[in-house]
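Report on one structure; see the data block that follows.
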Amino acid sequence: DCIVEVYGFRRARLVIWLGFVMNLLFVMVLQLAIILPGAESWQHQSSLENICGSAPRILGASFLAFVCGSMINAYVMSRMKIASAGKHFSLRAIASTLLGEGADSVIFFPLAFGGILHASEIISLIIAQTLLKTTYETAILPITIYAVKRLKKIERTDTYDTGISYKWW
C-alpha cells in the first residue's frame with residue numbers, strides 16, 4: 001500500500017516480482033542445503049527434510065497466491081486512488097488488503113490443501129486468514145499513514161497512475 005500510494009503501481013509491480021524471485025531463490029538454496037550431505041556428526045537430516053522440505057504443491061500454491069494477491073492489492077489501491085482523487089487512504093488500504101488477501105487465500109488454500117482437508121475447513125481457513133490479515137492492516141494503519149506522509153514529504157512525490165499499463169510484467 002505504501003509503495004503504490006507514494007510511487008505507483010509500476011514500482012509496486014517491480015517490488016512484487018523482486019519478492020517473488022527472492023522467495024524462489026531462498027527455496028532453491030534451502031533445497032540445496034537439504035540435498036548436500038551434512039557433517040558426519042549431523043544426526044537430524046530427516047528432521048531438516050521434514051521441516052524445511054516443503055512439498056512442491058505448497059510452495060507452488062504459495063508463490064502463485066503471493067503474486068496474484070499482491071498484484072490485485074496494488075491494482076485496487078492504484079485504481080481507488082485515482083477514483084478518489086487521492087482521498088480516503090484508510091479506506092483504500094483496507095479495501096485493497098481485503099481483496100488482495102482474499103484472492104491470496106482463495107488461491108492458496110485449495111491448491112495447497114485440496115483433497116487433504118475437507119472443503120468446509122478450507123473455506124474456514126480462507127475466511128480466517130483474510131480477516132486476520134485485514135485486521136492486522138487496520139491495526140497498523142496509523143503507522144502506515146505516518147510512513148506514507150513521511151515518504152511523500154521526503155521523496156517529494158505522490159504518484160497517480162494515469163495512463164499506465166496494469167499488465168503484471
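Throughout, read-outs are computed from the coordinates displayed, never taken from laboratory work. The structure presented is a predicted model; accordingly, all values stated were derived computationally and were not measured. We place every Cβ from the backbone using ideal geometry, glycine too, and count neighbours over all the protein chains shown.
Quick look at the values:
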item: Cα lying deepest toward the dipole's positive end in the chain, options L18, T134, A147, charges on Cβ; result: A147
item: Cα-based shape type of the stretch 5-78, given that a ≥ b ≥ c are square roots of the gyration tensor eigenvalues and the cut on a/c is 1.5; result: prolate
item: Three-way shape label, the chain, alpha-carbon gyration tensor, a/c 1.5; result: prolate
item: Mean residue ellipticity (222 nm) of the chain, computed from DSSP H runs ≥ 4 via -39,500 (n - 2.57), nearest 500; result: -26000 deg cm²/dmol
item: Global geometry of the stretch 110-169, whether rounded, prolate or oblate, following the gyration tensor of its Cα atoms and the 1.5 cut on a/c; result: oblate
item: Size of charge dipole - the stretch 69-169 - debye, nearest 20, with Cβ of Lys, Arg +1 and Asp, Glu -1, no other charges; result: 600
item: Candidate aspartates and glutamates for bridging to K81, where Cα separation is under 20 Å - those fewer than 8 sequence places away on the same chain excluded; result: D1, E5, E101, E137, E155, D158, D161
item: Helix runs (DSSP H) in the chain reaching 15 Å along axis by Cα, Kyte-Doolittle at least 1.6; result: 9-35
